[in-house]
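Data block below; observations after.
The values are calculated or read from the model by the stated rules, or taken from the named source; none is laboratory data. Fair warning: this is a prediction, and the values are worked out from it, not measured in the lab. All Cβ positions, glycine included, derive from the backbone under ideal geometry; neighbour counts span all protein chains shown. With ligands, DNA and RNA removed, areas are computed over all heavy atoms of the protein, side chains included. Shrake-Rupley method; radii C 1.70, N 1.55, O 1.52, S 1.80 Å.
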Amino acid sequence: MKSIVIGGAGAFGRVLVRDLKGKGFNPISIDFAHNTDASDSLLVKNDVPLRAQAKDILNQVAERVAGYDSLKGVFCCAGGWAGGYAGDDNFLDVLDQLNSMNLESAALAAHISCKHLSNSGLLLLTGAEAAVRPTPSMLAYGLSKVSTHFLAQSVAMDPAFLKMKASALAVLPCTIDTPNNRLYMPDADHSSWTKPEDISRRVIGYLEDEASRPPSGSLLSVYTAKGVDSWKVVKR
């Protein structure tokens, strides 16, 4: 069995890669850097737009997942954040950057899933709880994430995806407890941040047990208070 983690060398991606490998799902990491914990790593150039590399990436993916019923899960953990308002002079530049980091990486995961995911497989995208409502102070970020939510919901209704009886879900964390977030927000209440290990455990559970999955197309928000996680389906 195989799985793919886009953003597999990031903070959340590394945890997911480690846990997937421990469960026998042989993760392939797709990122700017190698992840030696992965069963395989596919490198992406960070100075070339993702869309310009798509054909080569897809060819390499096809080689690695050849074989009936081999690709069980595709996870997109890649992404980035930036603040800013619509009136900022660099607004369109920031939007282009975040679309590349957040939306294009999610779209690549969806594209791979529709082409290679095995029957009853799982596509998991990373959205954002903040994008459930207006985000005027981080507008470009919100736009890229709400588009990711729409992507998960739309792929779930794709005829090819329905034929595979696969599931498309998006997880919407508030803040993931990563070293980078702690560096830039040292005074925040870290007990309200969700640990990547907890998200990993939950989504791998969905991968292993089809019956435990929410309906395909669901947006799953996760709130953490005093170290305790609460999960719920966001109303659409």
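Laid out as a table, the results:
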{"read-out": "Test item: Cα-centred dipole of the stretch 91-236, Lys/Arg +1 and Asp/Glu -1 on Cβ, debye", "value": "460 debye"}
{"read-out": "Charge dipole of the chain about the Cα centre (unit charges at C-beta), most positive-ward option of 176, 149, 159", "value": "159"}
{"read-out": "Alpha carbon centroid spacing (whole Å) that separates the stretch 26-43 from the stretch 175-192", "value": "26 Å"}
{"read-out": "DSSP-assigned coil residues among chymotrypsin sites (Phe, Trp or Tyr not before Pro) in the stretch 69-108, each with at most 16 further Cβ atoms within 10 Å", "value": "85"}
{"read-out": "Gaussian network model of the chain, springs between alpha carbon atoms under 10 Å - residue of 217, 79, 87 with greatest fluctuation", "value": "87"}
{"read-out": "Residue 178 accessible area, 1.4 Å probe, all protein chains in place, Å² to nearest 10", "value": "20 Å²"}
{"read-out": "Convex hull of the chain built on C-alpha atoms - directionally averaged projected area, nm²", "value": "12.6 nm²"}
{"read-out": "Residue 187/residue 229 FRET efficiency (R0 25 Å; Cβ-Cβ; nearest 0.05)", "value": "0.65"}
{"read-out": "Relative contact order, percent, the stretch 182-236 [alpha-carbon distance under 8 Å, six or more residues apart]", "value": "36 percent"}
{"read-out": "Rg(Cα) / (2.2 N^0.38 Å) computed for the stretch 110-236, rounded to two decimals", "value": "1.10"}
{"read-out": "Net charge, residue 135 excluded, C-beta distance under 15 Å - Lys, Arg +1, Asp, Glu -1", "value": "0"}
{"read-out": "Translational diffusion coefficient (Stokes-Einstein; Kirkwood radius from C-alpha pairs) of the stretch 106-176 at 10 °C, 1.306 mPa s, in µm²/s", "value": "126 µm²/s"}
{"read-out": "Hull volume in cubic angstrom per residue (convex hull over the Cα atoms of the stretch 19-123)", "value": "116 Å³"}
{"read-out": "Too-long pairs where the Cα-Cα distance tops 28 Å, listed order kept, from 21/195; 2/235; 23/195", "value": "2/235"}
{"read-out": "Dipole-positive endmost among 61, 86, 49 within the stretch 35-95 (Cβ charges, Cα centre)", "value": "61"}
{"read-out": "Where the stretch 49-94 is the region considered: accessible area per residue in Å², 1.4 Å probe", "value": "58 Å²"}
{"read-out": "Chymotrypsin sites (Phe, Trp or Tyr not before Pro) within the stretch 17-72, DSSP loop, no more than 16 other Cβ atoms inside 10 Å", "value": "32, 68"}
{"read-out": "Carbon + sulfur, % of accessible area of the stretch 162-236 - ligands and nucleic acids excluded, 1.4 Å", "value": "53 percent"}
{"read-out": "Antiparallel %, DSSP beta bridges [both residues in the chain], to 5", "value": "20 percent"}
{"read-out": "Within the chain, helix-based [θ] at 222 nm, where runs of 4 or more DSSP H residues each add -39,500 (n - 2.57), nearest 500", "value": "-11500 deg cm²/dmol"}
{"read-out": "Low-density loop cleavage sites - trypsin sites (Lys or Arg not before Pro) in the stretch 126-196, where at most 16 other Cβ are within 10 Å (DSSP)", "value": "165"}
{"read-out": "Net charge of Cβ neighbours under 12 Å - reference residue 113; Lys, Arg +1; Asp, Glu -1", "value": "+1"}
